[in-house]
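I have placed the structure first, in the form of structure tokens, so that the comments after it can refer back to it.
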Amino acid sequence: MRRQQTMLWTGISLVTGVVCLGVAEPQPSTGGQVASSAEASRGLDGAPMVLIPAGPFTMGSHDGLPNERPEHTVTLDAYYIDRYEVTLSLYRKFLEGGKHESPPTWDDEAATTVGDRPAIGMRWESAAAYCQWAGKRLPTEAEWEKAARGTDGRRYPWGDMQPFVDIANYNRGMWVSEAITLVAVTSGLEGMSVRHGLKEGGRSPFGVSHMAGNAAEWVADWYERDYYQKSPGRNPPGPATGEKRVLRGGSWADLPSALRVTARFSAETDFEDRTIGFRCAMNVTK
């Protein structure tokens, strides 16, 4: 397995010209966090998106592995990100266009019967191609981390508490099937983790789901171990070139340490694995 704990950025051109309507500004809650970000207009795939407002956040961790250091402040322009991981049913529509090969592990029956699970097993180029097909793009590593972490420097999307099985889908052992190993991308929004005091389950402060566990996610950046030591403080694009792309979020197979919002992994762009999926982002049109 060629996945490593490390990072990256891509040379994908940003998609513009997609009309975005009916977006309300999120309302801050106590502690400077966003209690529930407004659902934005949708890309061409119809997937619900969330507006992440412009502003600074804390990226990286002084307590993490070397590739997560130093902890630093990053300021991003406003952007949209998919509320959920791209699902099997949505990815099937993309494949039906005939312009991209299906992943080697693709199960068309699963896409029909449990299409609300995350699509997995695609290489980086296929994830990027899907986002372009949907009128979007892959999020940068910084965009992914802000959407997962919010602005209070938390350790996991839900806060600083260690994961539990009713908060995130992780440490599942061997692969069984999409229906058994993965959980629906919309799961855990209500009634999950009540015994832990998490009224909104494992969602991030902006209301984005499964940014820890379920499927690890490709992002746009090339990986560079020491990039944080020289990255710009505003809209960091990642390194200009590289050999691997960044993966974020941890998966159904990972231990709790991989689910931290600052944990960075990487893999060759042609790497295909049942642990890997993605979600898309989109610019805010001005």
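When you check A263 against the structure, is it part of a loop (DSSP other than H, G, I, E, B) and either surrounded by 22 or more Cβ atoms within 10 Å (Cβ to Cβ) or among the charged types (D, E, K, R) (or both), yes or no? So A263 fits the description; yes. Output yes when any residue across the stretch 136-144 is surrounded by 24 or more Cβ atoms within 10 Å (Cβ to Cβ), under 23 Å from A78 (Cβ atoms) and among the acidic types (D, E), and no when none is. Yes, the stretch 136-144 contains at least one residue that is surrounded by 24 or more Cβ atoms within 10 Å (Cβ to Cβ), under 23 Å from A78 (Cβ atoms) and among the acidic types (D, E). Looking only at the stretch 236-253, how many residues end up being buried (at least 22 other Cβ atoms within 10 Å of the Cβ) and in contact with a strand residue (DSSP E or B) (Cβ under 8 Å, 6 or more places away or on another chain)? Number satisfying all stated conditions: 10.
Scanning the stretch 210-230 for residues that are in a strand (DSSP E or B) and either buried (at least 24 other Cβ atoms within 10 Å of the Cβ) or more than 20 Å from the chain's Cα centre (by Cα) (or both) yields a count of 6.
Residues in the stretch 88-110 that are touching a residue at least 60 places away in the same chain (Cβ under 8 Å) and either surrounded by fewer than 23 Cβ atoms within 10 Å (Cβ to Cβ) or among the small types (G, A, S) (or both): P103, P104, T105, D107, A110.
Put simply, of G233, G197 the only residue that is surrounded by fewer than 18 Cβ atoms within 10 Å (Cβ to Cβ) and either of a type in the set (S, T, Y) or modelled with pLDDT under 95 (or both) is G197. Residues being within 19 Å of the chain's Cα centre (by Cα), farther than 22 Å from Y227 by Cβ and at pLDDT 95 or above are represented in the stretch 62-79 by at least one member.
Annotation: P139 fulfils all but one of (1) in a helix (DSSP H, G or I); (2) under 17 Å from I52 (Cα atoms); the unmet one is (1).
The values are calculated or read from the model by the stated rules, or taken from the named source; none is laboratory data. Here the structure is a predicted model, which means the values were calculated and not measured. Cβ: placed from backbone, ideal geometry, glycine included. Neighbour counts: every protein chain shown.
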